[in-house]
Amino acid sequence: MIDWDSIDTVLLDMDGTLLDLHFDNYFWTQHLPQIYAKKHQISEQESSELLHDKFSSGQGTLAWYCLDHWSQQLDMDIPALKRELQHMISVRPHAIEFLTRLHHSHRDVVMVTNAHRKTLEIKMDNVNITHWFDRVVVSHDLQSPKEEQAFWHKLQDLHPFDPTRTLLIDDTEQVLESAQAHGIAHLLTLLQPDSQRQKRIDTRFPGIHHFDEIMPAEAPQ
């Protein structure tokens, strides 16, 4: 599926790609609605519906990914509530071996995430994988989400790469479409970003279940 000889730069998403998306889905669709219901003395179903309506608007914008924005909107300390569940944060199968092999190859390895920096800190406090990367790029620092062309232009200025020799692996298809429009030639998605949800079968980009399907060869000792 991957011709590794034609790839110099590997861009990797975090949530749903390197980390199991179950933590995030559980937090936003179950844990937070329960807390919000108690706070406002409404039923969990009312809470879920109300929050779903709030979350469904603005998806793919920088504010939508911002914990400070949601803390303000909901009058709740979202980072603190996330830390209550931090034991659920987990790395996807074969991700560490995949990162290890990339790290020991000649390739440039960059994490590109829409996650808020506070989310990144919470995740890395539990499963620190940042040392496998040449650079970690948070979209909030570039003031553009990956869904926008501005992100890729700013990334190229910050960390130059040849799009024709670059692989992006991301579980969000709008991000992959944006990267494709920028000229990134090698694009892969994840078929099961959340280990507790059904495998996706209608992806518009080539997909993998786990990283062992595309493992690069080990570097010579």
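The values are calculated or read from the model by the stated rules, or taken from the named source; none is laboratory data. Keep in mind the model is a prediction, meaning the values are calculated, not measured. Don't worry about glycine lacking a Cβ; one is built from the backbone with ideal geometry, like all the others, and counts go over all protein chains shown.
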Revision key, fill the gap. Exactly one of Trp70, Trp64 is surrounded by 15 or more Cβ atoms within 10 Å (Cβ to Cβ), under 24 Å from Gln196 (Cα atoms), in contact with a helix residue (DSSP H, G or I) (Cβ under 9 Å, 6 or more places away or on another chain) and among the aromatic types (Phe, Trp, Tyr), and that residue is Trp64
Exercise for review: Hey, can you tell me all the residues within the stretch 177-197 that are under 27 Å from Met88 (Cα atoms) and either assigned to a helix (DSSP H, G or I) or over 18 Å from the mean Cα position of the chain (by Cα) (or both)?
Suggested key: none
Review point. Can you pull out the residues in the stretch 12-46 that are hydrophobic (A, V, I, L, M, F, W, C) and over 24 Å from Gln198 (Cβ atoms)?
Key: Ile35, Ala37, Ile42
Study note, to complete from the structure: Of (1) under 24 Å from Asp141 (Cα atoms); (2) touching a residue at least 24 places away in the same chain (Cβ under 8 Å); (3) of a type outside the set (Ser, Thr, Tyr), Trp4 satisfies every one except (1)
Point to revise | Residue pairs meeting the criteria (Cβ under 8 Å; at least 6 apart or on separate chains; first touching a residue at least 12 places away in the same chain (Cβ under 8 Å) and in a loop (DSSP other than H, G, I, E, B), in the stretch 201-215; second basic (Lys, Arg) and surrounded by 15 or more Cβ atoms within 10 Å (Cβ to Cβ)) | key: His210/Arg92; Met215/Arg101
Study note, to complete from the structure: Reported set for the stretch 111-121 where residues are in contact (Cβ under 8 Å) with a residue 12 or more places away in the chain and surrounded by fewer than 20 Cβ atoms within 10 Å (Cβ to Cβ) is Arg117, Lys118, Leu120
Exercise for review: Have a look at Gly60, Gly16 and point out the one that is in contact (Cβ under 8 Å) with a residue 12 or more places away in the chain and either farther than 14 Å from Thr119 by Cβ or out of contact with any Asp or Glu (no Cβ under 8 Å at 6 or more places or on another chain) (or both).
Suggested key: Gly60
Point to revise | Unique residue being in contact with a strand residue (DSSP E or B) (Cβ under 7 Å, 6 or more places away or on another chain), surrounded by fewer than 19 Cβ atoms within 10 Å (Cβ to Cβ) and farther than 19 Å from Phe23 by Cβ when the list is Gln149, Gln180, Gln143, Gln174 | key: Gln180
Point to revise | Failed item in (1) surrounded by fewer than 16 Cβ atoms within 10 Å (Cβ to Cβ); (2) more than 18 Å from the chain's Cα centre (by Cα), with Ile214 passing the rest | key: (1)
Practice item. Could you tell me which of the residues Lys82, Lys38 is surrounded by 13 or more Cβ atoms within 10 Å (Cβ to Cβ), of a type in the set (Lys, Arg) and outside the structural domain of Met124 (by TED's automatic domain parsing)? Key: Lys82
